[in-house]
Amino acid sequence: MDEALLRTLVPTVIGILVRRGADFAAAEDAVQDALVEALRVWPEDPPRDPKGWLVAVAWRRFLDTVRADASRRRREILVDAEPRPGPGTPVDDTLALYFLCAHPSLTPGSAVALTLRAVGGLTTRQIAQAYLVPEATMAQRISRAKRTIADVRLDRPGDVATVLRVLYLVFNEGYSGDVDLATEAIRLTRRLAAVIDHPEVSGLLALMLLHHARRAARIRPDGSLVPLAEQDRSLWDTRMIAEGVEILQAALARDRLGEFQAQAAVAALHADARTAEETDWVQIVEWYDELLRFTDNPVSRLNRAVAVGEADGPQAGLAALAELDPGLPRYTAAAAYLHERAGDTATAARLYTEAAHLATSVPERDHLVRQAARLHSVS
């Protein structure tokens with residue numbers, strides 16, 4: 001791929017987006033996202049018209065951002081415009097909307113996608129990344145879901161499992177970026193736990209609390225990511241961790257294990273370790289094995305491979321990783337980490353560089369670039 005060509009096209013593409021109505025900063029961000037996508041796609045599928053390709057992808061990224069911002073602003077305006085509560089009981093219909101969008105006439109996957117788009121405020125691209133599918137595929141799925149319920153009365157709420165999946169994905173998107181979105185997912189899950197007595201609802205709430213307790217330690221003042229092993233654990237919210245552990249223990253005591261309880265158990269083991277070196281990786285691998293009994297999620301298998309590398313050594317981790325699809329998100333980054341643990345710094349540096357090209361966010365890309373530069377400097 002001609003990276004020099006990419007660099008020469010950047011000012012032109014930014015100018016086109018600005019003429020179409022984007023402000024300069026937003027145009028720069030959109031073009032940056034398009035460049036990351038080009039680095040991922042072009043080596044295997046080079047476009048016939050590079051400039052046209054970049055313009056189309058950058059403009060789509062810009063529109064997604066505008067729509068997501070507009071959706072959040074509408075929610076903020078609605079909140080600000082609400083009158084002060086009188087003597088009556090305030091009503092929040094958000095959770096009810098989640099159930100209505102999870103309509104029985106939709107498949108669970110379509111119901112989740114539609115709810116994330118219509119109620120959660122996520123962009124089609126964000127939802128596609130969560131499902132590990134192309135953006136165009138997800139757009140078609142959401143369109144089909146809208147057509148399916150276009151002439152259906154929304155008077156039959158969907159099942160709890162679908163709503164839990166939506167809340168989980170909304171939280172994940174918020175945890176990786178917008179803290180307010182994560183807080184909203186926790187709020188709604190608390191409300192759900194208050195009206196539905198089910199261990200998996202409690203498991204999801206515990207999982208959210210245990211992850212959210214680390215939010216202050218995940219980002220440096222300059223905006224760069226801090227890996228779990230390097231986080232300042234004194235910044236973790238111990239009260240939130242204690243609440244999450246208590247909720248999890250009560251759920252596990254009911255002996256009705258599920259996917260979210262197993263994930264929460266992994267998070268609790270991380271939270272319980274006073275230092276990264278004290279992490280009980282053997283138990284974490286066991287909990288991932290339990291998790292995989294409920295869901296054959298490729299991301300869970302990837303996380304398990306890394307945990308195996310910590311528990312049984314990097315070679316064991318690489319062997320577990322070799323059983324997975326190399327096209328998985330963060331596969332290359334995991335391979336780089338395990339090769340570094342194994343002492344193969346040359347391979348690790350190369351893989352960190354490749355992983356940076358595949359990164360879907362600027363902070364993640366910058367972190368991987370720094371990892372590669374660190375290893376190059378000592379080799």
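The values are calculated or read from the model by the stated rules, or taken from the named source; none is laboratory data. No experiment lies behind these values; they were computed from the predicted model shown. Neighbour counts are summed over all protein chains in view; Cβ atoms, including those assigned to glycine, are modelled from backbone coordinates with ideal geometry. The protein model used for the area step is the full one, side chains on, heavy atoms only, and it has no ligands, DNA or RNA in it. Shrake-Rupley method; radii C 1.70, N 1.55, O 1.52, S 1.80 Å.
Points worth noting:
- Subset of the range 212-226 (residues that are outside any strand (DSSP E or B) and within 15 Å of the chain's Cα centre (by Cα)): His212, Arg215, Arg218
For every residue, the table says whether it meets (1) acidic (Asp, Glu); (2) open to solvent by less than 30 Å² (accessible area, probe 1.4 Å); (3) modelled with pLDDT under 75.
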position	(1), (2), (3)
Glu3	yes, no, yes
Leu17	no, yes, no
Asp33	yes, no, no
Ala38	no, yes, no
Asp49	yes, no, no
Arg61	no, yes, no
Pro83	no, no, yes
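- Flag if Ala336 is open to solvent by 20 Å² or more (accessible area, probe 1.4 Å) and touching a helix residue (DSSP H, G or I) at 6+ places or on another chain (Cβ under 9 Å): no
- Test: Glu28 is open to solvent by 60 Å² or more (accessible area, probe 1.4 Å) and acidic (Asp, Glu): yes
- Residue count for the range 306-328 satisfying the condition of being over 16 Å from Ala262 (Cα atoms) and part of a helix (DSSP H, G or I): 14.
- Flag not set for Arg304, criterion: farther than 28 Å from Arg350 by Cβ and either free of Cβ contacts under 8 Å to residues at least 40 places away in the same chain or surrounded by fewer than 21 Cβ atoms within 10 Å (Cβ to Cβ) (or both).
- Test: Asp289 is within 24 Å of Asp325 (Cβ to Cβ), open to solvent by 50 Å² or more (accessible area, probe 1.4 Å), assigned to a helix (DSSP H, G or I) and not small (Gly, Ala, Ser): yes
- Thr189 vs. criteria within 18 Å of the chain's Cα centre (by Cα) and at pLDDT 90 or above: yes
- Within the range 292-305, being in a loop (DSSP other than H, G, I, E, B) and either in contact with a helix residue (DSSP H, G or I) (Cβ under 7 Å, 6 or more places away or on another chain) or modelled with pLDDT of 95 or more (or both) holds for one residue alone: Thr295.
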